[in-house]
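Here, each number is a calculation from the coordinates, and none is a lab measurement. Please read all numbers here as calculations on a predicted model, not as lab measurements. Don't worry about glycine lacking a Cβ; one is built from the backbone with ideal geometry, like all the others, and counts go over all protein chains shown.
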Amino acid sequence: MQTMTPHYLIIGNGAAGVSTAEAIRRRDSNGRITLISDEPYPMYSRPGIAYYLLGQVSEPQLMSRRPSFYQKNRLDLLHGKVAGLDLSAQAAYLESGQRLNYDVLMLATGARATPPPFPGSQLDGILTLDTLDNAKKIVQFGRKAKTAVVVGGGITAMELAEGLRHQGLKTHFLQRGSRLWPRLFDERESHIVEHQIRHEGIHLHYGEEIAEAVGKNGRVESVRLQSGKEIKCQIIGAAIGVKPNMDLVKDLPVEQNQGILVNEFMQSNIPTLFAAGDVAQAYDRWTKKPQLDILWPSAIQTGLAAGHNMVEVAHGRAPNLPYQKGSPFNAALLFGVHITVIGRIGAEAGRDSDEVEELSHLSRGSSQIWTAPFQSHVRSAWDNKGANSVRINLQDGIIVGALLMGNQHLADPLRQLIEQQVFISDADSLLTRHAHLPEAILTHWEKWRKAEQILETR
Ligand SMILES: Cc1cc2nc3c(=O)[nH]c(=O)nc-3n(C[C@H](O)[C@H](O)[C@H](O)COP(=O)(O)OP(=O)(O)OC[C@H]3O[C@@H](n4cnc5c(N)ncnc54)[C@H](O)[C@@H]3O)c2cc1C
């Protein structure tokens, strides 16, 4: 395909869609670029909605791009829902009936909270934390409610519980198992966060699951638990997993699995169709298989690579910029505790990789990446001083993952050691009980940095 002024159509105005548009505009000053979003905002920070709920950021502060950004870069932003695609005619149809032809198409439709599976899940008052509108709904419902019940085993569930408590609600937090974020935290880390949760006045219940949401006049009135207990509440916050928005391709000959399968250029099996961000399932150099990656930095990086390659395809050339995935990284502030997760980290080193749960049971699908896959020879070392702790996972002399709580001074060194796969010759010394882990890590990092500097000056 070769058109003088190609039309690039981008469905999605999140981190992936906007970085795609930026990459295209950098390389093609003439092409027409259209972004479509079914949300009524310019690009905003999706991770930021958790902080919006806590009252720490306002709506204007969430906006990552102003309307002038779109004008300056000559990006047409359309607000509306795309209802269908015709791949052979290279056209997209909006719900309004409007037809948009394209030369190259980007699907950056993101992911949404998995709908709760229990009976009564259609009742008013069942809320999820995935879009700004839904965060506003939580605030609005919170004004009239007295009690909330939150269910979910991951980071979004914790953010939801913290946010509802912040609204002044009596908050119950249900955990199916016997510790928090079980796919990531070990017993000791769970205790550190648990202490903070109780300190905030949240009622934590282990070994409890919702059997049914009970309503009156279409609104939540209580939850019945599988143990038989009943809790009166007006809100149920559900964060039981995320699901890529695949509706547009589900009946099309587009290769798909949990997400849209793409090659290293973020191109699907249809040469004029690209995907990036939460909806794309790209090759993962860490797990060596196609993997979803529900993280903000990955959405930006996949979008940038895809945008570059879309310009190539629009001008009749082969895509040539592969996406290079960094090690998974996430930093969060939960109940006043700073938590950073880097690389491959699971609660139990040595767990069988086939144990990875269905995506729908995970919160912010990234947990899947962090916990998979472990060989039996992954070993862990842990060090703890009060609410500050560091845990590393080692495999064949290389640190493959780390989880930091509280003090964050090791975050950058560990990130570099993991990203660069630095070989640690006396790795066993990190595992001995007498070693002071933070100091040992810093010593290895300094050694590596010096070696790097010597190489650079040569
Ligand atoms: C509460 C919360 C906290 C998070 N915290 C973190 C964090 O701390 N760190 C981190 O790395 N990640 C975090 N994430 C994940 C991160 O936000 C996502 O990975 C990232 O936003 C994905 O970007 P995206 O562009 O792929 O998708 P999205 O941002 O979801 O954008 C999708 C876009 O597609 C549009 N769209 C979808 N379908 C249609 C359609 N049919 N027609 C028109 N438009 C459509 C939507 O309107 C939207 O504009 C968090 C997510 C949530 C919900």
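Data for the structure
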quantity: Relative contact order of the chain, pairs being alpha-carbon contacts under 8 Å that are 6 or more residues apart, as %; calculated: 15
quantity: Cα gyration tensor, the stretch 52-139 - rounded (a/c under 1.5), prolate or oblate; calculated: oblate
quantity: Interchain or long-range residues, amide H under 5 Å from Lys81's placed H; calculated: Glu95, Ser96
quantity: Relative contact order of the stretch 1-153, pairs being alpha-carbon contacts under 8 Å that are 6 or more residues apart, as %; calculated: 26
quantity: Mean-position separation - Cα centroids, the stretch 20-52 and the stretch 189-265, in angstrom; calculated: 28
quantity: Three-way shape call for the stretch 155-262 based on the alpha-carbon gyration tensor, with the a/c threshold at 1.5; calculated: oblate
quantity: Proximal charge balance of Lys325 [Cβ under 10 Å; K/R count +1, D/E count -1]; calculated: -2
quantity: Using a Förster distance of 41 Å, the FRET efficiency for Gln140-Thr432 (Cβ separation, nearest 0.05); calculated: 0.15
quantity: Flagged links, alpha-carbon separation over 20 Å, of Lys288/Lys325; Lys146/Lys243; Lys146/Lys216; Lys81/Lys325; Lys144/Lys170; calculated: Lys146/Lys243; Lys81/Lys325
quantity: Nonlocal amide H pairs with Gly215, under 5 Å, H built at 1.01 Å; calculated: Glu221
quantity: Spin-label model distance (nm) - Ser227 vs Gln56, 7 Å beyond Cα toward Cβ; calculated: 3.1
quantity: Mean separation of Cα contacts under 8 Å, 6 or more apart, over the residue count of the stretch 126-240: relative contact order %; calculated: 34
quantity: Whole-Hz couplings from phi, Karplus 6.51/-1.76/1.60, listed for the stretch 222-227; x for Gly and Pro; calculated: 6, 10, 9, 8, 5, 6
quantity: Rounded if a/c under 1.5, otherwise prolate or oblate - the chain, Cα gyration tensor axes; calculated: oblate
quantity: For peptides 447-453, 139-145, sequence by mean Cβ density within 10 Å, most packed first; calculated: 139-145, 447-453
quantity: Helical contribution to [θ] at 222 nm, DSSP H n ≥ 4, -39,500 (n - 2.57), averaged over the chain, rounded to 500; calculated: -8000 deg cm²/dmol
quantity: Calculated FRET efficiency for the pair Arg26/Glu456, C-beta based, R₀ 45 Å, to 0.05; calculated: 0.95
quantity: Extended-chain gain in nm, criterion 0.36 nm per residue less alpha-carbon gap, Arg188 and His79; calculated: 34.6 nm
quantity: Contour excess over end-to-end distance, with Cα ends at Tyr206 and Ala331 and 0.36 nm allotted per residue; calculated: 42.5 nm
quantity: Efficiency of FRET from Cβ geometry, Leu87 and Arg317, R₀ 25 Å, rounded to 0.05; calculated: 0.75
quantity: Long-range HN-HN contacts of Gln256 with modeled amide H, under 5 Å; calculated: Leu261
